[in-house]
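The values are calculated or read from the model by the stated rules, or taken from the named source; none is laboratory data. Being a predicted model, the structure only gives us computed values, none of them experimental. All Cβ positions, even for glycine, are placed from backbone atoms using ideal geometry, and neighbour counts span all protein chains on display. Heavy atoms of the whole protein, side chains included, go into the accessibility calculation; ligands, DNA and RNA do not. Shrake-Rupley method; radii C 1.70, N 1.55, O 1.52, S 1.80 Å.
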Amino acid sequence: MSARPIAVVGASAAGLAAAEALRRSGWHGPLTLIGDEDQLPYDRPPLSKQLLHGTWEPDRLLLRTRDQLDPLGLDLRLGTRATGLDAATRTLTLDGGVGVPPLEQGRERGRLECAGVIVATGVAARTLPGADGLAGVHTLRTLDDALALRAGLADPARRLVIVGNGVLGCEAAAVARELGHDVTLVGRDPVPMAGAVGTEVGELLAEEHRARGVRLVTGAVDGFTVAEDGAPARVGGVRLADGSLLPADVVLLAIGSTPAVDWLADPALDTSDGLRCDAYCAAAPGIYAAGDVARWDHPVHGRPVRFEHRMNATEQGMAAARNLLAELAAEGAHDPGDTPPERRPFAPVPYFWSDQYALKIQAYGLTAGADRVETTLLDRDERRTVALYGRGDSAVGVLAAGIPPRQIRALRAVVATPVPWDEARERVAAATAAS
Amino acid sequence: MKITLDADKCCAAGQCVLIAPEVFDQRDEDGVVVLLDAEPAADQHAAVREAAAICPAAVIEVHE
């Protein structure tokens, strides 16, 4: 049994799932969970929904209570940032926070020699030049971000400009309209969420947002103007590249995110668009990755993929944990016990959902980057829709809005592995015939 | 084993039903999780733990 810990870097959904799976699979050695925020692990999807809406308070977002975490026997280091990883020796460098070990003989402060490492550092919200230090301009990634935005929308009838019309921007627009604010959604692409779900489903979403009173604007942002009420450095509007000005009391930048890999400077690791992994979620011997930050070879889809989907965070956290333990057992550094005997490729059916107004959108497989999409509108007023996404001659993804759960599970089966396009069309039609 | 749900948090992903269909189901109207068996037999325990771990909204709590 190794006296070295397994370290999980990143204390959100993927990191927590990895830590729990390590314990369930029989890792009895030391286990360090490192998070750069001060909070206990919490869930992010509700940030742009229930938390922003004010129906949930932060306690409701906790993924586990203290009482649920205690039996894991974690060396939990919150407010701690990993600043480096030497892949060959599996050594982390840590900065700040509580619990970083004091100087011990032969041990440099802030260095952690590990039996294995799981990287689950997620992504960071992108921002725009000129946004820093300008009050009233927000991003939405962390609990603190969401609380600040919520406070900015505490007064009634604020003028909110949301820059970016992807999933996050659309969800925030829906909540802000329900709260009665004046909402403008700006995107470079005229169709909301087009990159994730294609043009036709995006048009349907655009209809719903317009019907609810959201103003949809197409354009690139050129910069910000400052409020004229004398308050220094408070945003007053968003200036577009065509010279037009959108007045704003509050601005949300929802322009995507960047994988949190800056701290991984080891040339042995490929950190272009996330931490590159093989089909087992391994970036190097003993080094695994999971969640938003991981780009791995999906064995079914035959190309590297990276998902910022909540479901993938838990599934990949569990897969990376089990594969790491199988590797350590093979190295003799871990008593196999309950550990799966060998590593398995991570081959999930991707899943994402989005809630906007009363509309729930659910999708399985790959919907982004499709080269063909067939959308069937079952009920325009209720936005009941099913869409099939293909690459080449195969169907690889399916999306449903307003479809009963049993039928959605049947749709999942259609795209669990790529199937010939015509066969998938027939199966989707059969599964939704009663809708 | 005893299972409790915080069903208000459910996002209707249906993953629990795929993993442990004898223990979990979904409401027809909105897909929210339904508990079929709050104290499942031992042969279901591994599947239930997996379902609880994988739930993307941390809805399922398992007491052992």
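Can you give the charge dipole size of chain A about its Cα centre, rounded to the nearest 20 debye, using +1 on the beta carbon of Lys and Arg and -1 on the beta carbon of Asp and Glu?
Details: 45 positive and 56 negative charges, 112 e Å.
Taking the Cα centre of chain A as origin, the dipole is about 540 debye.
Surface composition of the protein assembly as shown: carbon plus sulfur atoms contribute 48% of the solvent-accessible area (1.4 Å probe, protein chains only, all chains present).
Compute the FRET efficiency between A:Ala413 and A:Asp266 as 1/(1 + (r/R0)^6), taking r as their Cβ-Cβ distance and R0 = 41 Å, and round to the nearest 0.05. List each step's numbers first, then the result.
Details: r = 41 Å, r/R0 = 1.00.
According to the calculation, E is roughly 0.50.
Relative to the dominant Cα principal axis of chain A, helix A:310-331 is inclined by about 20°.
Against chain A, whose longest principal axis comes from its Cα atoms, helix A:167-178 is set at around 50 degrees.
Applying D = kT/(6 pi eta Rh) to the range A:100-204, where Rh is the Kirkwood radius over alpha-carbon pairs, T corresponds to 37 °C and eta to 0.692 mPa s, the Stokes-Einstein value obtained is 192 µm²/s. Each Lys and Arg contributes +1 and each Asp and Glu -1, all at the Cβ; summed about the Cα centre of the range A:180-238, the dipole is approximately 80 debye.
Report the paramagnetic label zone for A:Asp95: residues of the range A:241-284 whose backbone N is under 14 Å from a point 7 Å from Cα along the Cα-to-Cβ axis. Counting only backbone N, you get A:261-265. Axis angle, to the nearest 10 degrees, between helix B:45-54 and the longest C-alpha principal axis of chain B: 40 degrees. Put +1 on the Cβ of each Lys and Arg and -1 on the Cβ of each Asp and Glu in the range A:304-435; which of A:Ala401, A:Thr314, A:Val373 then has its Cα farthest toward the positive end of the dipole? Sorting the options by dipole projection puts first A:Ala401.
Net charge within 12 Å of A:Ala329 by Cβ-Cβ distance, Lys/Arg positive one each and Asp/Glu negative one each, not counting A:Ala329 itself?
The answer is -3.
Between A:Gln68 and A:Ala151, the simple spin-label model (points 7 angstrom out along Cα→Cβ) gives 2.8 nm.
Roughly how many whole Å is it from the C-alpha centroid of the range A:52-97 to that of the range A:249-272? So the two Cα centres are separated by 19 Å. Shown is the FRET efficiency for A:Asp75 and A:Arg406, computed with R0 = 45 Å from the Cβ-Cβ distance and rounded to the nearest 0.05: 0.55. All other residues whose Cβ lies under 15 angstrom from that of A:Trp421 are scored, Lys and Arg at +1 and Asp and Glu at -1, for a net of -2.
For trypsin sites (Lys or Arg not before Pro), the sites in the range A:183-236 that DSSP calls loop and that have at most 15 other Cβ atoms within 10 Å are A:Arg188, A:Arg212. Computed over neighbours whose Cβ is under 13 Å from that of A:Ala87, the net charge equals -2, Lys and Arg +1, Asp and Glu -1.
How much accessible area per residue does the protein assembly as shown have, counting only protein heavy atoms and a probe of 1.4 Å, in square angstrom?
Working: 20560 Å² over 499 residues.
Per residue, the protein assembly as shown has an accessible area of 41 Å².
Taking the DSSP bridge list for the range A:249-341 and keeping only pairs wholly inside it, about 60 percent are antiparallel.
When the range A:203-327 is described by a simple charge dipole with +1 on each Lys and Arg Cβ and -1 on each Asp and Glu Cβ, the residue from A:Ala211, A:Leu324, A:Tyr280 located farthest towards its positive end is A:Ala211. Take the Kirkwood radius over Cα pairs of the range A:142-239, plug it into Stokes-Einstein at 25 °C and 0.890 mPa s, and you get 173 µm²/s for translational diffusion. Taking θ as phi - 60° and the Karplus parameters 6.51, -1.76 and 1.60, the scalar couplings of the range A:63-71 work out to 6, 9, 7, 3, 5, 7, 7, 3, x Hz in sequence order, x denoting glycine and proline. For the protein assembly as shown, the convex hull spanned by the alpha carbon atoms encloses 153 Å³ per residue. Taken along its principal axes, the alpha carbon cloud of chain B reaches lengths of 30, 18, 15 Å, longest axis first. Remark: the range A:109-195 carries a charge dipole of roughly 180 debye about the Cα centre, counting +1 on each Lys and Arg Cβ and -1 on each Asp and Glu Cβ.
Eigen-decomposition of the gyration tensor built on the alpha-carbon atoms of the range A:335-411 gives equivalent ellipsoid semi-axes of 31, 17, 10 angstrom, largest listed first.
Please work out the Cα center distance from the range A:123-159 to the range B:3-64, rounded to the nearest Å. Centre-to-centre (Cα) distance: 35 Å. Within the range A:380-414, name every residue whose backbone N is under 15 Å away from a label modeled 7 Å from Cα of A:Ala211 along the Cβ vector. Flagged as within label range: A:380-386, A:401-403. Taking a straight Cα-Cα cut-off under 25 Å and skipping sequence neighbours fewer than 8 places away in the same chain, the lysines within cross-link reach of A:Lys49 are A:Lys360, B:Lys9. Between the range A:172-188 and the range A:312-370, what is the C-alpha centre distance in whole Å? Between the Cα centre of the range A:172-188 and that of the range A:312-370, the gap is 34 Å.
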